[in-house]
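Novice: Let me give you the structure first, and then I'll get to my questions.
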Amino acid sequence: METEMEMEDNKAPSPPPPMESDIAGEKRKREDDESSSAVLAAANNTAGAQHPMWKTSLCSFFRRRAASSADGCSHGDSCRYAHSEEELRPRPDGTWDPTSDRAKKLRKVAAEEVEEEVVTVDDKALDKCLVGLPRAWSKSPLTSKKGISYATAKKKKGMTVGFVTFENIEQLKNAIEVLTENQSGGKEIKIADANRRSHQKLHTEKPVSDNGVATENGTSVDVPPGETSAPEAAISNKKSVRDAVTPLAHMSYNDQLEHKKNSVAQILKRLTRNARKACPTGIPLPDWVFKSKEIGGLPCKLEGILESPVINGYRNKCEFSVGFSLEGKKTVGFMLGNFREGVTAVEEPVDCPNVSEISCKYALIFQDFLQSSSLPVWNRVDNCGFWRQFTVREGRCRAQPVAQNAETQISEVMLIVQVCSTGVDDALMKDEFDKLTVALQQGAATCSPPLPLTTIVVQDHKGISNAAPADCPLIPLLVPKVDQSEGTVDKTRIHDHIGNLRFSISPTAFFQVNTLAAERLYTLAGDWANLNSGTLLFDVCCGTGTIGLTLAHRVGMVVGIEMNESAVSDAERNALINGVSNCRFVCGKAEDVMGSLLTEYLGSPQQDIPVSEGAVSGTVKDEEVIDGSKNSGENLDSSMQKNDNGESQQLGDAPADSSSSAIDEIKGNSNDRVGNGLKGSHDEYNEVAGEDIHGEASLINESVDLKVSDCLEDRKTSDDGSSISNNDVTAATACQFEDIVAIVDPPRVGLHPTVIKALRTHPRIRRLVYISCNPDSLVANAIELCTPSSERQEKNKGNRGWRTMSSAGLARQRTKSMPNSEPFVPKRAMAVDLFPHTSHCEMVMLFER
């Protein structure tokens, strides 16, 4: 007992029991220590193999705000991004965050230490680029001021870059030495290797002879049989001319229609997507955008595709290129590809189903003539030569039962030969033209059956591209035999028919290439426009007046707008030939005259009242009025239009100051005048058209040409006062129409933004029918027409990225500056196949509001 008690006494006294607060404090301390250890371990692991990008980028809070700001990064020390330049680490590849000061300094140092490029001195690298040239220099100071010899040089004033091709290595070495030692105005001119263009890379370094075959030292070499020595031999195995011109010819026609319908549907869906993007903030999306989900994303119902009545040989206009084939032979046909891809080879159109046999035969006749011609063909690489392009335009007789072989209807042919007379002697050129005329006439006569030939025209174009301007000089070589007393009457034209109307076509005038399908196209456009006798129809980009004239009997008045002066002259002639008297054609760019014409006929967009007297007489470049109000047309109207009592019905007889009486007369009799006049004139013309085309019909055409010439002369010599009076009567007449419709048929680039703005902002235009040969441009224009506008429009700011924008992107930008106006709504859409065997088709779309 004692022993046990002693042992207990010897034990150390036990500590007092800990308080509850002390236990909680030690627990928090251990948790904090463990948390800190975990963070450090995670940081070490992150800096190690697990997270190689730890602290290699600056935190966005640090970049946007000061490092000491109170509202810093909410992650604190656990943030994987660096909060200072000192904390920033290099990336695994050795680079630094591009936004850091360290990376900026490194880039600056690297830019200052850029080593000069080593210039290649070689026989195969004699093309060099000169950088740092004075802007005022042309290519001549290289020789006069620097003493540099070269073969060719290109340098435009205002640019600091030039391109030089040397003849040999000695010239190249001398240029390098001179430019290295001597500076121009204290600035060094650097020389570097020039990168060839794609089409130049495909060509060998050897010269090319006139027949397109590579040569050695300028001497021709013989082409081995069955081989191609031309540079384009690389593409000979890729595709034929049939594949290049008619890529869908291998498909059945039903499959072609389905393929085009699907392509058009995909393009139309872009309108819906872009309309969503272009809609201003705070403005609800249009209803048609919401309803597009019900029809697969389309802006409106796509009602299918209208097929062409004729599938093969339907083109009435074929433009054949003149060049060299893969074997180096002078050839008239189609190119195998684009020039930008380096393709310049031309092959004969022997297997192209869209080209008529008549056009192919004429191309072969012209090709045979070129083999013996002393003048060279056009070289697309060097932009030199004489013979450039050969165009065949065909005119068909009056409508007959549709046959798959449309060539049986061809009655007139116009041949257009495009040349470049630069550096060619006039006497030699005239001699070649005489030989050409004889060759074409003899070739047409010896064919079985003989080919029709109406006129031959030469177009002298000196530009680089074959796309010649409308005012390019024309030289007639062969014209129909007419009375010599007619003098200056223009006979270089052919005629074609749409329905019961006969159209006169000049060499450069636009006319749909598929006549029979165009008739269906215009009928569809007229049906969708919902025309009536009280309609005022604006035919924008009217060409030769085909749309307006074919629909003139269904409306009260037609106003056509066209920039091509010869096409406007054709439209006037066509109206006279067919007895259409309710059309007016204005010559000028649509963007220049559209706004003033709308103001003249409909009043200003802010108020729906007629325009005052002579409001736009000075703004229209040139106008041609075919109605009873024009003094020059009174004689023709009096001879062709009579009322039920047999009396002449002339609006021009009314005094200029009694416009109200003229308006009352037209309101009561315009329908009878237009309907009876058209019916009677068409019946008279139908009787004539049934006779020989070279008989009485030609005499009628000659008299019409004389009347047109007189009309043009009277219009040029009329004084300003009479012009204002006539415009005043016309405008007062047009203001009586309550239904205003516009039909536009623009070129592939679409409508000009100014025209779109004029159509969009005028409230009286409630219906718009858009005919497009390029659905992409249709979508771009529709974005501006259908996107709601903001009450606060933005001014167009300079955007350097506009060159790389798509057409839809540019349209979205322009909608921001569109004045506040009621947008159009897409209602119906349909494709019309005017180009079988190709991927192209026409598109018709109806817009209403």
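The values are calculated or read from the model by the stated rules, or taken from the named source; none is laboratory data. Bear in mind that the values here come from a model prediction, so they are computed numbers and not experimental data. No Cβ is skipped: glycine too gets one built from the backbone with ideal geometry, and neighbour counts run over all protein chains shown. For the accessible areas, the whole protein counts, side chains as well, though only heavy atoms, and no ligand, DNA or RNA atoms are used. Shrake-Rupley method; radii C 1.70, N 1.55, O 1.52, S 1.80 Å.
Novice: Has region 336-353 got at least one residue that is among the β-branched types (Val, Ile, Thr), open to solvent by 10 Å² or more (accessible area, probe 1.4 Å) and over 18 Å from SER240 (Cβ atoms)?
Specialist: no
Novice: Right, here's the next one. Any idea which of ASP434, ASP471 is outside the structural domain of MET563 (by the TED database), part of a loop (DSSP other than H, G, I, E, B), charged (D, E, K, R) and open to solvent by 70 Å² or more (accessible area, probe 1.4 Å)?
Specialist: Every option except ASP471 fails the conditions.
Novice: Filtering region 502-521 down to residues that are open to solvent by less than 20 Å² (accessible area, probe 1.4 Å) and outside any loop (DSSP other than H, G, I, E, B), which residue is farthest from GLU412 (Cα to Cα)?
Specialist: The selected residue is LEU521.
Novice: State the number of residues belonging to region 578-589 that are surrounded by fewer than 24 Cβ atoms within 10 Å (Cβ to Cβ) and either charged (D, E, K, R) or assigned to a helix (DSSP H, G or I) (or both).
Specialist: Of the residues in region 578-589, 1 are surrounded by fewer than 24 Cβ atoms within 10 Å (Cβ to Cβ) and either charged (D, E, K, R) or assigned to a helix (DSSP H, G or I) (or both).
Novice: Next question. Filter region 234-244 down to the residues that are open to solvent by 30 Å² or more (accessible area, probe 1.4 Å) and either of a type outside the set (D, E, K, R) or at pLDDT below 70 (or both) and list them by number.
Specialist: Once the filter is applied, which keeps residues that are open to solvent by 30 Å² or more (accessible area, probe 1.4 Å) and either of a type outside the set (D, E, K, R) or at pLDDT below 70 (or both), region 234-244 yields ALA234, SER236, ASN237, LYS238, SER240, ALA244.
Novice: Also, quick follow-up: Within region 492-501, is even one residue farther than 30 Å from GLU738 by Cα, among the acidic types (Asp, Glu) and assigned to a strand (DSSP E or B)? Write out each step before concluding.
Specialist: So the first thing to find is which residues in region 492-501 are farther than 30 Å from GLU738 by Cα, and the list is 492-497.
Of the ones still in play, those that are also among the acidic types (Asp, Glu) are 496.
Among the residues that remain, those that are also assigned to a strand (DSSP E or B) are: 496.
Yes, the conditions are met somewhere in region 492-501.
Novice: Then there is this: Can you pull out every residue in region 445-460 that is out of contact with any helix residue (DSSP H, G or I) (no Cβ under 7 Å at 6 or more places or on another chain) and under 20 Å from GLN367 (Cβ atoms)?
Specialist: ALA445, THR446, SER448, PRO452, VAL457, GLN459
Let's see how each residue does on (1) part of a loop (DSSP other than H, G, I, E, B); (2) at pLDDT below 75; (3) within 46 Å of the chain's Cα centre (by Cα):
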position: LEU88; (1), (2), (3): yes, no, no
position: PRO98; (1), (2), (3): yes, no, yes
position: ALA103; (1), (2), (3): no, no, yes
position: LYS108; (1), (2), (3): no, no, yes
position: GLU117; (1), (2), (3): yes, yes, yes
position: LEU133; (1), (2), (3): yes, no, yes
position: LYS139; (1), (2), (3): yes, yes, yes
position: LEU142; (1), (2), (3): no, yes, yes
position: GLY158; (1), (2), (3): yes, yes, yes
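Novice: Something else now. What's the total number of residues in region 144-156 that are surrounded by 12 or more Cβ atoms within 10 Å (Cβ to Cβ) and either at pLDDT 80 or above or closer than 11 Å to ALA175 by Cβ (or both)?
Specialist: Residues meeting the conditions: 6.
Novice: If you go through region 245-298 one residue at a time, how many are under 23 Å from LYS816 (Cα atoms) and open to solvent by 50 Å² or more (accessible area, probe 1.4 Å)?
Specialist: 11
Novice: Hey, ASP32 hits all of (1) at pLDDT 50 or above; (2) exposed (fewer than 13 other Cβ atoms within 10 Å of the Cβ); (3) outside any helix (DSSP H, G or I); (4) at negative phi but one; which does it fall short on?
Specialist: That leaves (3) as the condition not met.
Novice: Considering (1) over 22 Å from LEU536 (Cβ atoms); (2) surrounded by 24 or more Cβ atoms within 10 Å (Cβ to Cβ), say which one ALA758 fails and leave the rest.
Specialist: For ALA758, the failing item is (1).
Novice: For region 299-326, what are the residues that are within 29 Å of ASP496 (Cα to Cα), assigned to a loop (DSSP other than H, G, I, E, B) and open to solvent by less than 10 Å² (accessible area, probe 1.4 Å)?
Specialist: Result: SER308, VAL310, GLY313, TYR314, ASN316.
Novice: For LEU531, are the conditions met, namely being assigned by the TED database to the domain that holds VAL586, open to solvent by less than 10 Å² (accessible area, probe 1.4 Å) and not acidic (Asp, Glu)?
Specialist: It is false that LEU531 is assigned by the TED database to the domain that holds VAL586, open to solvent by less than 10 Å² (accessible area, probe 1.4 Å) and not acidic (Asp, Glu).
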